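The values are calculated or read from the model by the stated rules, or taken from the named source; none is laboratory data. Because the structure is a prediction, the values reported are computed rather than measured. Here the Cβ is made from the backbone with ideal geometry for all residues, glycine too, and neighbour counts use every protein chain on show. All accessible areas refer to the heavy atoms of the entire protein, side chains included, with ligands and DNA or RNA removed. Shrake-Rupley method; radii C 1.70, N 1.55, O 1.52, S 1.80 Å.
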Amino acid sequence: MDPSLVELRVELARLGSEVKELRARVERIESAAPGAERVPAVAVAPSGEALAAADAPAANLAGHLALAGRSLMVIGGAYLLRALSDGGLVSPGIGAAAAALYAVSLLLLADRAAAVGRRASAGFHGVTGVFIAAPLLWEASTRLALIPPSLGALGLAVLLGLATAIAWRRDLAALAWIALFTTLVATIATAFGTLHLLPFALALLAIAAGTEALADRGRWEGLRWPAALALDAAVLHVAAMAARPDGLPDGYAALPPLGVAALAFALPALYLGSLAVRTFVRRLPPSAFGMAQGALALAIGLGSAARLLALRGVSEAWVGGLAIVLAGACWAVALAHLDRRRDMAFYSSLGLLLVLGGAPLALSEGGLAVGWAALAVISTAAGALRDRALLRLHGAVLLVAAAGASGALGAA
């Protein structure tokens, strides 16, 4: 037999025995630590005091320290796999696959631990799995180049989906928050590490859609804020790079203008769709997040799309016409909800901004003046008939805009 193979088998056997010894030590530490989770030696019907004691690790410092120590040792196992790959004992591909299975198994262990009431242990298992998987996907996409960037972006989105599904199923809010921030950081870092911006922007779009789905079900609405801000920044950056007059810098993957324009349109579509669900399905007024992000998404999305389509020779009138149609829809919703003041105020104001920003792209100066003047009359009349001061104010704004477009202000 080849001496190198004999040496490899001996080394692997030694490593296996060391891992077994480390597991035995961890079990002894957990059994000796005050407040650590224990499995009772005899199955008996638990009393109320016993149930309270079983849940004590969630609030006990010693128990948390024991679990943190276990997590560090688990992370050490991941570094062992990396050391085997770096040392040439196993191929990088096999090492990365083993580490990915290792991380997924930790997430599954988190679900199992939470199912039997060991919530603290579940949280540590889940967070450890995320901390192993996210850097692994970053390294596999960048330094090692084991997987294409598009697959790395998909892997990060799937990782967050799995962690969030377990957090939802077992009500582990901390796991959801930590998984979101870790995945966002890894996605942004991998995008700049590979210089393939579009796949990771799409991954951020999927992440933002997931957080919206959670919020629509009344769970962890705060998760929407970091996901939305990351997506807004990604769309702005990708659109700015695609519209560079002197082309992309060296090393960047191609950014097709039509593909980036589709991403830009998807941004307002996501958040306007979420607003529609909240208004018409859940019968709730727009939230502070919905109002702020809805307006911001429209400004970023339509503005970026108009610029990118112009690069392809497509008239900006298409974007302006879409803005006018959306403005009409917003006003229709506002008029249908005059008795719900917050809905009326938000949707009518959003319609005003859309028509002020979109109409100049679609109409000539003469048509613009006539259109804005007609809308000013309609808005003022609606405000007077239904006693809504905000609609009368919008009429005044539109009238001033019409005077400016017609040249009346300059003549005066």
Handout entry: Estimated vicinal HN-Hα couplings, Hz - the stretch 255-262 in sequence order (Karplus 6.51, -1.76, 1.60; Gly, Pro = x)
Key = 10, x, x, 5, x, 5, 5, 5
Problem - Cα convex hull of the stretch 56-207 - mean projected area over all directions, nm² - result: 8.6
Completion exercise
For the stretch 265-412, shape from the Cα gyration tensor axes a ≥ b ≥ c, cut at a/c of 1.5 then a/b versus b/c, turns out oblate
Handout entry: Contour minus Cα-Cα distance for Leu108 and Ala329 (0.36 nm per residue)
Key = 75.0 nm
Completion exercise
Label model pair Leu101, Tyr252: point-to-point distance (7 angstrom along the Cα→beta-carbon line) in nm is 4.1
Completion exercise
Taking N as the residue count of the stretch 238-328, its alpha carbon Rg divided by 2.2 N^0.38 Å gives 1.26
Exercise for the section: Give the carbon-plus-sulfur fraction of the accessible surface of the stretch 70-131 in %, rounded to a whole number; probe 1.4 Å, heavy atoms of protein chains only. Expected result: 71
Completion exercise
For Gln293, the net charge from surrounding residues (Cβ-Cβ under 15 Å; K, R +1; D, E -1) works out to -2
Exercise for the section: Using a 1.4 Å probe and counting only protein heavy atoms, arrange Glu316, Glu365 so the residue with the most accessible area comes first. Expected result: Glu365, Glu316
Practice task
Might you tell me the accessible area per residue for the stretch 344-412, computed with a 1.4 Å probe and given in Å²?
Solution key: 49
Exercise for the section: Tell me the trypsin sites (Lys or Arg not before Pro) within the stretch 333-412 that lie in a loop according to DSSP and have at most 15 other beta-carbon atoms within 10 Å. Expected result: Arg386
